[in-house]
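Trainee: Quick one: the structure is below, and I'll ask about it shortly.
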Amino acid sequence: MKKALITGINGQDGSYLAEFLLGKGYQVCGTVRRSSTFNRGRLEGIYRNTFDHHVNLNLEYSDMNDSSSLIRVMDAVRPDEIYNLAAQSHVQVSFDTPEYTANVDALGTLRMIEAMRILGLDKTARFYQASTSELFGKVSEVPQNENTPFHPCSPYGVAKLYAYWITKNYREAYGLFGVNGILFNHESPRRGENFVSKKITQSLARIKLGLQDKFKLGNLEAKRDWGYAKEYVESMWLMLQQDKPDDFVVATGETHTVREFVEEACRNLDIPLIWEGQEAEKRGIDQRTGKVILEVDKHYFRPAEVDILQGDSSKARRVLGWQPKVTFKELVKLMVDFDLRKAKNESREILID
Ligand code: NAP
Ligand code: F7E
């Protein structure tokens, strides 16, 4: 039975990856960090089926800022595959907490692969680094592939650039089987609530049911290549099954503005949306009620923005045999459907109270 270690197992990707690997018969260990509210929400899908216990999954406390905890867990598990997904993953928050972000996302990765060397795991285990399309930042070409120059535009992007290069450096210097998955934005019902996709589908579903009046967004014209997270975790696994370590772009190849995401979500909810005003004065109005349901707020604009991301994942398609199936419209629909069900439960709870 193969053993996998996932840092950040309670994240969006960590939870899908854990389900995927358990389905393949892996023994999985995930690291979680201590917080004052119990943070296991995304693992409910696994635990629900087996009453609080899964024979092939165990969780260990650890933190990317704490080398000793990383060494302890790695030594106890002696994994065959290590997926480093833990990160301060919010781009805008990285402007507010740049030092913390660098510590977790950049040095945290160094701590992981140094722990592998200290324990001799660099000779036996394979390492996946969660790299990102944010490395491309102020892009020099569209679409972006593995050879596109990097120009990160945030403390998050810069921290991830260090992690990218240190993984590559340990591959070249010590023969580590370390790979970078350069994943473009990927979303799902499990997406964190302050990422734009989830914020849109959750807010509009609640507005549809009268639980909320309006919501605020920043830059509506930023373009992203949005895919479905559940499909993207398979590419991580595939990268570690290759004969040689290499880096791969994982993307859909399509790009859409944040505004288009809003419009598609409104179509799904049968909200007739019209726009009024320009740029920072722009407002989204429900034509049926005449009410403003969306306002642009400068608070959500970033000190530096990544204007357009569109990935060229032909290498992943050719070498890994990986390709996305869920389209942009299907992705928006599955997120809207989920958030509408959730909002209906919420409105029932309010009635019961
Ligand atoms: P996420 O939902 O934010 O999950 C991140 C995980 O990291 C969470 O489980 C979090 O713990 C954990 N974590 C944060 N700080 C930590 C620390 N100091 N020590 C230990 N664990 C810590 O992110 P995601 O969307 O699943 O993304 C997974 C990885 O892929 C991240 O590295 C992200 O930067 C990268 N990435 C994401 C995308 C995307 O579009 N989703 C694209 C490219 C790359 P809590 O559960 O306690 O918060
Ligand atoms: O923003 C704009 C915002 O925060 C997308 C992370 O997973 O993907 C993610 O980073 C766009 C940006 O994702 C709001 O300015 C407008 O242009 O959902 P996001 P992100 O910054 O692209 C990459 C690949 C990662 O690696 C990251 O870990 O939407 N936007 N209004 C907004 N964004 C947010 N969050 N909130 C708004 O109100």
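Trainee: Quick check on this structure: which one of N194, N180 is in contact with a Ser or Thr (Cβ under 7 Å, 6 or more places away or on another chain) and not in a helix (DSSP H, G or I)?
Mentor: Step by step, each of N194, N180 is checked, and only N180 is in contact with a Ser or Thr (Cβ under 7 Å, 6 or more places away or on another chain) and not in a helix (DSSP H, G or I).
Trainee: Let me ask something else. Tell me yes or no: at least one residue of region 24-47 is open to solvent by 70 Å² or more (accessible area, probe 1.4 Å), assigned to a strand (DSSP E or B) and more than 16 Å from T109 (Cβ to Cβ).
Mentor: Scanning region 24-47, I find at least one residue that is open to solvent by 70 Å² or more (accessible area, probe 1.4 Å), assigned to a strand (DSSP E or B) and more than 16 Å from T109 (Cβ to Cβ), so the answer is yes.
Trainee: It is to be established whether one or more residues within region 295-303 are of a type outside the set (D, E, K, R), free of Cβ contacts under 8 Å to residues at least 60 places away in the same chain and surrounded by fewer than 19 Cβ atoms within 10 Å (Cβ to Cβ).
Mentor: Within region 295-303 (the criterion being of a type outside the set (D, E, K, R), free of Cβ contacts under 8 Å to residues at least 60 places away in the same chain and surrounded by fewer than 19 Cβ atoms within 10 Å (Cβ to Cβ)), the answer is no, since none of the residues qualifies.
Trainee: Also, quick follow-up: Being open to solvent by 20 Å² or more (accessible area, probe 1.4 Å) and within 23 Å of V250 (Cα to Cα) is the filter; apply it to region 195-223 and report the residue that is farthest from ligand 1 (Cβ to nearest atom).
Mentor: Step by step, filter region 195-223, then rank; the result is E221.
Trainee: Further, regarding this structure: If you scan region 276-323, which residues turn out to be part of a helix (DSSP H, G or I) and away from ligand 1 (no atom under 16 Å from the Cβ)?
Mentor: E279, A280, E281, K298, H299, Y300, S314, K315, R317, R318, V319, L320
Trainee: Now for a different question. What number of residues in region 212-260 are over 18 Å from the mean Cα position of the chain (by Cα) and either in a helix (DSSP H, G or I) or of a type in the set (A, V, I, L, M, F, W, C) (or both)?
Mentor: 6
Trainee: Could you go through region 128-143 and let me know if any residue there is without any contact (Cβ under 8 Å) to a residue 60 or more places away in the chain, open to solvent by 50 Å² or more (accessible area, probe 1.4 Å) and more than 25 Å from D80 (Cβ to Cβ).
Mentor: yes
Trainee: OK, next. Cβ-Cβ under 6 Å, sequence separation 6+ or interchain: first residue in region 275-292 and farther than 15 Å from K216 by Cβ and of a type outside the set (D, E), partner assigned to a loop (DSSP other than H, G, I, E, B) and at pLDDT 95 or above. Which pairs?
Mentor: Q287/P272; R288/P272
The values are calculated or read from the model by the stated rules, or taken from the named source; none is laboratory data. Predicted, not measured: the structure shown is a model, and the values here were computed from it. No Cβ is skipped: glycine too gets one built from the backbone with ideal geometry, and neighbour counts run over all protein chains shown. Remember, those area values only see protein heavy atoms, side chains included, never the ligands or the DNA or RNA. Shrake-Rupley method; radii C 1.70, N 1.55, O 1.52, S 1.80 Å.
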